[in-house]
Amino acid sequence: MSDFVSQLVDKYPELKYALLDAQTFSQEHYGFPAIYYKMMETDAVRVEAFKETFKQYNNLQDAVVCEAGIGTLALTKHYLPFVKKAYLIENNPNIRSFIEEEIEKNGWTDKVELIFGDAMKVELPEKVDYIIGELMSIYCANEYQVQIFKHLRQFLKPEGKLIPEKIINTAALADAKFDGSHKHYPLMFTRHMPMFLTLHETVNVIDLYKEEALTINAETRFQPILSGPANCVYMSSLVQVKEGVNFTGTDSLMPPTVCKLTSPKVLKAGEGVLLKSSFGYGTSLDDAKFEIGDMAKWD
């Protein structure tokens, strides 16, 4: 074990951006690199939040369900034995044979309709009781969670449920070291965390039952508790999978992320500042803009 820790310590510097590389969109895989599926499947915190939600909804017993982005069935296999009908959507043709084999092997063929294609273009033949999809990234900036649910919720019964249903995006102002041309990176080790100058504040709330906007322009007030230079926002996304069942990010999904400010600013403890945030869902954090200034300047 000590030898393993020694090897890990030696690799700390190069591992700073390893998570970013592992979770970067790959056209070759119609999504994320192949290793990402293993990261998802082995993330107990992530999977358990959805399993607990299914349990509280009576395991979706006898329900008609639609799941977008089923991947390697990491979530699907936990409810599929109980539902009456499932419309399963996947856009990655490289895992089609795996999905078909798993469904046939488990005897689910008669209750499943597989749809291979873009979830934002799918038309369902009936209304469903549940729409499931964890196509999420920090702030939903890289993935199409908002767009997909916005399209699919037209097929949700009036009393139907979205899983997840709400995302609260928060930020803190901080100072971090960025290497090379990197503008942002997700955190894997605490030694790569920034130095915080403020507490967390809410940037915006995504109600997936109602969200219409795809571009966000938000203003957030902060009261620094430490003086010093700030060059980044520390981003967190808190997910309400179901009321009372939450997911607040792990290294496999929505990890806390630091993103550069448009320009650094020296903050003074007790003197309020305003953060102006501008980003789009399903675009890229490279396109996001975060700018801070004195509150008096923005008022």
Q.
Out of ILE115, ILE168, I need the residue that is surrounded by fewer than 23 Cβ atoms within 10 Å (Cβ to Cβ), under 15 Å from GLN240 (Cβ atoms) and in contact (Cβ under 8 Å) with a residue 12 or more places away in the chain. Which one?
A. ILE168
Q | Residue list for the range 243-257, filter: within 25 Å of ALA230 (Cα to Cα), out of contact with any Asp or Glu (no Cβ under 6 Å at 6 or more places or on another chain) and not in a loop (DSSP other than H, G, I, E, B) | A | THR257
Q. In the range 222-242, which residues are of a type in the set (A, V, I, L, M), more than 30 Å from PHE54 (Cβ to Cβ) and part of a strand (DSSP E or B)?
A. ALA230, VAL233
**Q.** Residues (surrounded by fewer than 17 Cβ atoms within 10 Å (Cβ to Cβ) and either free of Cβ contacts under 8 Å to residues at least 40 places away in the same chain or touching a Ser or Thr at 6+ places or on another chain (Cβ under 6 Å) (or both)) located in the range 87-101
**A.** ARG96, SER97, PHE98, GLU100, GLU101
Q.
Quick test of your reading of the structure: PHE32 fulfils all but one of (1) of a type in the set (Phe, Trp, Tyr); (2) surrounded by 17 or more Cβ atoms within 10 Å (Cβ to Cβ); (3) modelled with pLDDT of 80 or more. Name the failing condition by number.
A. (3)
Q.
Return the residues of the range 110-166 that are closer than 13 Å to ALA68 by Cβ and within 11 Å of the chain's Cα centre (by Cα); say none if nothing qualifies.
A. GLY133, GLU134, LEU135, MET136, GLU143, TYR144, GLN145, VAL146, PRO164
Q. So which of VAL273, VAL241 ends up being over 30 Å from ASP43 (Cβ atoms), surrounded by 19 or more Cβ atoms within 10 Å (Cβ to Cβ) and in contact with a helix residue (DSSP H, G or I) (Cβ under 9 Å, 6 or more places away or on another chain)?
A. VAL273
Q: Residues being surrounded by fewer than 22 Cβ atoms within 10 Å (Cβ to Cβ), small (Gly, Ala, Ser) and either over 16 Å from the mean Cα position of the chain (by Cα) or not in a loop (DSSP other than H, G, I, E, B) (or both): count how many of those fall in the range 62-74.
A: 1
Q: List every residue pair whose Cβ atoms sit under 8 Å apart, with the two residues 6 or more apart in sequence or on different chains, where the first one lies in the range 200-221 and is surrounded by 12 or more Cβ atoms within 10 Å (Cβ to Cβ) and assigned to a loop (DSSP other than H, G, I, E, B) and the second, anywhere, is at pLDDT 95 or above and of a type in the set (Val, Ile, Thr).
A: HIS200/THR170; LEU208/VAL146; LEU208/ILE167; GLU211/VAL146; LEU214/VAL146
Q: Sort through GLU201, GLU243, GLU212, GLU143 and tell me the only one that's in the same structural domain as GLU67 (by TED's automatic domain parsing) and of a type in the set (D, E, K, R).
A: GLU143
(Q) Can you tell me how many residues within the range 195-242 are under 15 Å from the mean Cα position of the chain (by Cα) and acidic (Asp, Glu)? (A) 1
**Q.** Exclusive hit being surrounded by fewer than 17 Cβ atoms within 10 Å (Cβ to Cβ), modelled with pLDDT of 95 or more and touching a strand residue (DSSP E or B) at 6+ places or on another chain (Cβ under 9 Å), set LYS84, LYS77
**A.** LYS84
(Q) Here is a list: LYS297, LYS265, LYS260. Which entry is over 30 Å from PRO164 (Cα atoms), in a strand (DSSP E or B) and among the basic types (Lys, Arg)? (A) LYS265
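The values are calculated or read from the model by the stated rules, or taken from the named source; none is laboratory data. None of these values were measured; they are calculated from a predicted model. A quick note on method: Cβ atoms are made from the backbone with ideal geometry, for glycine too, and the neighbour counts reach across all protein chains shown.
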